[in-house]
Amino acid sequence: MRTQPIDQVAAGLPAETKTAVYEGSKIGHEKRTKLLFDHYGDPNRLRTLAGEIKQHVVENLDTYLPAVEARLVANGAKVHWAATAEAACEAVYSILKARGAKKLVKAKTMVSEEIELADYLEKRGIEALETDLGEFIVQLDHDHPSHIIKPIIHKNRRQIAELFEKSGLGAYDDEPGMITQRARQFLRHKYLEADAGLTGANFVVAESGRLVIVTNEGNSRFCLAATRCHIALVGIEKILPRDRDLALFLNLLARSGTAQQLTVYNEFILGPRAAGQPDGPDEMHVIFVDNGRTDVLASDCREILRCIRCGACLNTCPVYRKIGGHSFPWVYSGPIGAILTPQFMGVQHEPALPFASSLCGACGEVCPVKIDIPKILLELRSDVKKADAREHKNRLEKLGFRAFAWMMTHPRIFEMAGRIGRSMGWPSGNKGPMGAWLSERDLPPLPAHSFRDLWRRR
Amino acid sequence: METPLVSRDYILHRIRTALGRGAGQAVADPPPARIRVPQVSMELRVASMLERVRALAGEAVASSDPCAVVANLIAGKTALASNAPYLAECGICGLPGVRSGITGREELREICATVDIGITSADYALADTGTLVLLSSPREARMISLLPPAHIAVVPRERILTGLDELFALLPNPAEASSSMVLITGPSRTADIEQILVRGVHGPGQLTVIVV
């Protein structure tokens with residue numbers, strides 16, 4: 001079988017990374033299945049409803065966005081818009097600059113990974129510190145996260161303990177509790193010194209302007225409670241129509257992502273600190289980020305904008321389990337990454353990704369908003385085939401098939417070709433003009449006599 | 001660089017083009033929200049609340065004398081109680097080692113960063129998930145349930161709702177009273193390192209719920 005670029009990256013992975021990713025994603029998937037089916041008679045009905053609600057939002061984004069903007073402004077937040085990654089980074093930077101802020105603590109947000117915010121700010125002299133334990137470790141190691149919600153699924157505790165020792169966070173100790181304690185102590189001071197806190201938002205409610213932020217560690221709570229300025233980076237597709245929809249979505253998100261009934265901390269933010277509240281930010285900024293989303297909206301794969309970034313499709317995917325998130329070229333990995341990346345970056349840019357799937361359908365079965373991931377992957381494959389680059393490569397193949405068709409419809413020519421073939425030998429192996437084609441296919445051997453010969457001799 | 005307003009109109013224009021619509025076209029109604037509020041007796045709610053908190057490795061007790069339970073838990077440690085009137089009514093603010101009545105931002109941060117235990121009440125609790133619902137206000141600061149390594153919440157039983165659905169059936173009223181509402185379900189935790197569960201990452205690693 002022909003290898004793809006993704007296989008080459010995967011082949012270079014150390015065995016311990018492969019084991020870590022395989023075990024981690026498998027556990028996540030098994031727990032999720034048990035929790036969903038234990039608590040709900042028919043979780044598929046919930047997935048259908050959640051998918052319909054999100055699809056409704058996507059189909060009506062032009063109305064929902066101005067509505068949520070008006071609510072946010074009424075709640076005392078400032079709203080910014082960014083069409084590109086660069087514009088989003090710039091928006092964050094100008095907010096910080098206006099306040100003279102030098103130190104930013106940030107909770108985990110996929111949008112900030114997309115726009116490579118931390119690098120942008122560091123280059124301009126602003127410390128942008130990751131506070132999610134996994135993201136903190138990734139930042140310390142100048143590495144990249146490899147899973148939407150478990151960023152260090154590819155690292156084992158020994159590697160982390162060595163990193164902490166190297167970074168001056170204490171002598172080697174690979175007990176996860178100790179590693180966590182050390183990160184806690186280090187980050188605690190950072191929160192209290194920080195000038196601003198940055199988060200994403202899991203949901204933004206149109207009718208109330210409520211931002212919902214979900215974490216297990218409590219780091220996003222810290223980013224808000226301890227600092228004077230809250231900045232939220234929000235993809236334009238994150239909207240839900242009503243507060244009451246949150247009951248369904250928070251249940252599905254926690255169960256699908258981490259197999260919990262509810263995530264430990266669910267925060268509902270309606271604006272900056274009110275008069276008399278002794279803590280919380282004085283200023284609140286919400287930046288709506290497009291960065292390719294309107295292109296997706298215009299494409300055939302609009303339904304991918306339903307995605308709530310739970311990671312369930314990664315955990316269940318046999319390909320992800322084997323190759324891990326780093327084999328994927330962008331911040332989103334697994335089945336959802338195989339769709340989002342070519343959609344955001346252009347099909348020509350990442351033509352191999354939609355093929356990094358066995359089309360087993362497992363991702364489509366677990367998706368909490370019922371995105372038909374296998375179907376979209378198939379459609380993307382067809383898009384790739386149609387793309388110009390591919391057309392050019394296939395010109396020779398097409399010519400060959402045209403000649404073959406002509407030969408097959410002219411009996412005399414066909415007979416003559418058979419004779420030539422028998423005397424000169426059938427093309428085989430992977431050398432010569434047909435080498436590339438034959439490297440993946442075997443022609444059946446030519447019989448010693450043709451059917452016509454046998455018929456005549458009868 | 002584009003001004004924010006230009007970006008806004010540009011993005012909205014692209015969305016309308018993608019959807020093939022003019023400005024101001026009416027939106028169809030979304031599919032109905034799914035809210036199921038079961039009828040559950042108060043006894044069963046209390047039992048479920050205690051059971052769920054324990055299942056998440058928190059401690060949970062039902063008691064008619066919360067002051068005595070808290071005194072027992074403090075046992076020589078230091079604590080900061082929130083300004084919730086209910087805690088004062090219970091006599092918790094008068095216990096030795098317990099400070100209370102803090103209103104200044106800096107003072108609050110300093111004390112929260114040094115005490116062993118933070119004590120709060122809760123505006124609501126959710127029985128089926130063992131969740132505490134706290135609304136930020138001058139009476140209930142965010143830091144107290146976040147900074148200290150241990151959190152004790154004292155909850156009158158009549159505030160226990162059946163679950164998330166019932167809370168959202170009450171919305172917007174509870175959350176509109178505050179710019180920040182938080183749901184706390186168990187101690188702070190992570191499984192980032194080899195999927196091994198560790199408690200007390202940034203928030204408290206110990207959680208005690210006292211249902212009165």
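Just so you know, all these numbers are worked out from the coordinates, no wet-lab data involved. Small disclaimer: the values here were computed from a predicted structure and weren't measured. Reconstructed Cβ throughout: ideal geometry from the backbone, glycine too, with neighbour counts over all protein chains shown.
Return one number: the angle in degrees, 0 to 90 and rounded to the nearest 10, between the long axis of the Cα atoms of helix A:15-39 and the longest principal axis of the Cα atoms of chain A. Between helix and principal axis, roughly 70 degrees.
Quote the relative contact order of region B:1-102 in percent (integer), defining contacts as alpha-carbon pairs under 8 Å separated by 6+ residues.
Numbers: 49 pairs, mean separation 15.8, N = 102.
Rounded, it is 16 percent for region B:1-102.
Can I get the semi-axes of chain B's equivalent ellipsoid? Compute them from the C-alpha gyration tensor as square roots of 5 times the eigenvalues, in angstrom, largest first. If you can, show how the numbers build up before the last one.
On the way: eigenvalues 293, 106, 62 Å².
They are 38, 23, 18 Å, listed from largest to smallest.
Counting only alpha carbon atoms, the long axis of helix A:395-408 and the longest principal axis of chain A meet at about 30°.
For Cα pairs less than 8 Å apart in space and 6+ apart in sequence, what is the mean separation divided by the residue count of chain A, i.e. the relative contact order in percent?
Details: 718 pairs, mean separation 92.0, N = 458.
RCO, chain A: 20 percent.
Give me the dipole magnitude in Debye, nearest 20, for chain A about the Cα centre, with unit charges on the beta carbon: positive for Lys and Arg, negative for Asp and Glu. Don't jump to the answer; show the numbers that get you there.
Details: 61 positive and 55 negative charges, 392 e Å.
Its charge dipole is roughly 1880 debye.
What percent antiparallel are the DSSP beta bridges of region A:5-294, to the nearest 5?
Values: 7 of 31 bridges.
For region A:5-294, the DSSP antiparallel bridge percentage is about 25.
With neighbours defined as other Cβ atoms within 10 Å of a residue's Cβ, the residues B:Ile119, A:Ile148, B:Ile196 order from fewest to most as B:Ile196, A:Ile148, B:Ile119. With the convex hull of its Cα atoms as the shape, chain A has an orientation-averaged projected area of 28.7 nm².
For a footprinting-style exposure proxy, rank A:Tyr172, A:Tyr320 by other Cβ within 10 Å, fewest first.
Values: A:Tyr172 10, A:Tyr320 31.
Lowest to highest Cβ neighbour count: A:Tyr172, A:Tyr320.
Mean partner shielding of peptide B:126-136, defined as the number of other chain Cβ atoms within 10 Å of each residue Cβ, is 3. For region B:94-212, a simple Cβ point-charge model (Lys and Arg +1, Asp and Glu -1, everything else neutral) yields a dipole of about 260 debye relative to the Cα centre. Database remark: amide H of B:Arg99 closer than 5 angstrom to the amide H of B:Ala79, B:Leu80, B:Ala81 (H placed geometrically; neighbours at sequence offset of 5 or more, or on other chains; Pro and chain starts carry no H). Counting neighbouring Cβ atoms within 10 Å and putting the fewest first, the residues A:Ser450, A:Ser423, A:Ser112 line up as A:Ser423, A:Ser450, A:Ser112. Averaged over the residues of peptide A:48-55, the number of Cβ atoms from other protein chains lying within 10 Å of each residue's Cβ is 2.
Cα centroid separation, region A:261-332 to region B:88-146: 30 Å. DSSP beta bridges fully contained in chain B are about 30 percent antiparallel. Taking Cα atoms only, the orientation of helix A:176-193 departs from the longest principal axis of chain A by about 60 degrees. Backbone amide hydrogens, once placed in the peptide plane, bring A:Gln260 within less than 5 Å of A:Arg255, excluding anything fewer than 5 places away on its chain.
By DSSP, what percent of the beta bridges with both residues in the protein assembly as shown are antiparallel, rounded to the nearest 5? Before the final figure, lay out the partial values.
Details: 21 of 66 bridges.
DSSP beta bridges in the protein assembly as shown are roughly 30 percent antiparallel.
Per residue, the average separation of C-alpha pairs within less than 8 Å and at least 6 apart gives region B:35-211 a relative contact order of 28 percent.
Amide H contacts under 5 Å for B:Ala62: B:Val211, restricted to partners 5 or more places along the chain or on a different chain, H placed in the peptide plane at 1.01 Å from N.
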